[in-house]
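Chemist: Starting off with a structure, shown below.
Where a number appears in this text, it was derived from the coordinates with a stated rule and is not lab data. Model, not experiment: these values are computed from the prediction. Every residue, glycine among them, receives a Cβ derived from its backbone with ideal geometry; neighbour counts consider all protein chains shown.
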Amino acid sequence: MKRLRRLPLADQPGHALVGVLRMPETTISPLTSIIRRVVGAILFLFAAVFIVYLDRDGYKDANGDGVSFLDCIYYATVSLSTTGYGDISPVTATARLVNIVVITPLRVMFLIVLVGTTLEVLTERSRQALRIQKWRNTVRDHVVVIGFGTKGRSAVNALLAEEGVETNQVVVVDTDQQALDAASALGLITVHGSATRSDVLRVAGVQRARAVVIAPNRDDTAVLVTLTARELAPKASILASVREAENVHLLKQSGADQVVVSSETAGRLLGIATRTPLVVDMVEDLLTPQTGLAIAERPVEESEAGGSPRHLPDIVLGIVRDGQLYRVDAPEADAIEPGDRLLYVRKVTPAEDLPR
């Protein structure tokens, strides 16, 4: 018997990815949810009353005194609630057709709204499927973060501190459900699965991402993820973290644009702290974009071209020219050229300290 071939994750429809790809939830209070449902039920009820009242001559009352507006409300109420006493009934073909085509669907919608808590799982799953499909069709130039441990969380915090970066532009990929729950609580889009698999990265939209941050707990995993990500996204900027410096060349050969050695960087700071602990505080301040001082990048203004970066009011650390970084003391940085970008120390204003 021929076995059916299962489609890769990236080729499956949105409803099949519920549980794998998770969109952030918009939290509302229970009272708000109840009010919305009651309002919806009332709207369905009045729609039924209006329809019955327009065709009231097609209905027969057991009392034989005709159908009044109050009778229409009564009939709509008992009909939508499926009570149906039978004292008022449609007698003409038009009234019966309206009951089949309009009143019955309204009855179903009325019950769905009032008994929505029992259908919450189905409703949520359908809503997630629609949001997933919409996101997959529109996502562009986002950032994919592989691993939501200590390094991944810090990277996300730094990303969200940047101006113009929203939570829906960051996708977290991890195998740990608790880590994904923490990311989802921040409003981030999450993908459950191993980033070493190309179909998982495709679900995260890595082929259309502007940057990929690789921060797993193991260096060998980082190498494999980098290889896979570079194959899928040849133009994306890939930034990876490793624990050991001897693995940096492997990441570079695998396609990483920048590699950060976490263990050696921490070790250097610890060594500096034994002699000049306040230097560590200053480095920490520069690396924390939300407060104090921060390292930033900006384009060169027309009035600055031709001058020296040392004469600018900003504290310039280096010049980026044609993708190459030159420190401020390098000969190439003696004069600013049009099209350069400046790495400088920026003062974070109180308005920027406020959470966005």
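Chemist: Amide H neighbours of residue 315 under 5 Å, counting only residues 5+ apart in sequence or on other chains, H built in-plane at 1.01 Å?
Modeler: Correct list: 345.
Chemist: A further question follows. Rounded to the nearest 0.05, what FRET efficiency do residue 315 and residue 185 have when you use their Cβ-Cβ distance and R0 = 56 Å? Display every interim value, and only then the final one.
Modeler: Values: r = 37 Å, r/R0 = 0.66.
After rounding, the FRET efficiency stands at 0.90.
Chemist: Taking the number of other C-beta atoms within 10 Å as the exposure measure, put 206, 283, 98 in order starting with the fewest. Before the final figure, lay out each step's value.
Modeler: On the way: 206 29, 283 15, 98 19.
Fewest-to-most ranking of 206, 283, 98: 283, 98, 206.
Chemist: Based on the alpha-carbon gyration tensor of segment 140-265 and its eigenvalue square roots a ≥ b ≥ c, which shape applies: rounded if a/c is under 1.5, prolate if not and a/b is larger than b/c, or oblate?
Modeler: Working: a/c = 1.44, a/b = 1.29, b/c = 1.12.
It is rounded, given that a/c, with a ≥ b ≥ c, falls under 1.5.
Chemist: From the phi angles alone, apply the Karplus equation (6.51, -1.76, 1.60; θ = phi - 60°) to segment 219-236 and give each ³J(HN,Hα) in whole Hz, x where the residue is Gly or Pro.
Modeler: 5, 5, 5, 4, 5, 5, 5, 5, 4, 5, 5, 5, 5, 7, 10, x, 9, 6
Chemist: Checking the cross-link filter: which lysines have an alpha carbon closer than 28 Å to that of residue 134, excluding same-chain neighbours under 8 positions apart?
Modeler: Here the lysines satisfying the reach criterion relative to residue 134 are 235.
Chemist: For a quick check: with amide H placed at 1.01 Å from N, whose amide H comes under 5 Å from residue 295's, ignoring anything fewer than 5 positions away on the same chain?
Modeler: Those lying under 5 Å, H to H, from residue 295 are 346.
Chemist: Mind giving me the nanometre distance, one decimal, between the label points for residue 329 and residue 276, set 7 Å out from Cα along Cα→Cβ?
Modeler: Once both label points are built, they end up 1.2 nm from each other.
Chemist: Moving on to the next point. Can you work out ³J(HN,Hα) from phi for every residue in segment 131-143, in order, using Karplus 6.51 cos²θ - 1.76 cosθ + 1.60 and θ = phi - 60°, giving whole Hz and x for Gly and Pro?
Modeler: Each residue of segment 131-143 in turn: 5, 4, 5, 5, 5, 5, 7, 10, 5, 8, 6, 9, 10 Hz.
Chemist: Here is a further query. Find how many whole Å separate the alpha carbon centroid of segment 299-345 from the alpha carbon centroid of segment 235-258.
Modeler: 27
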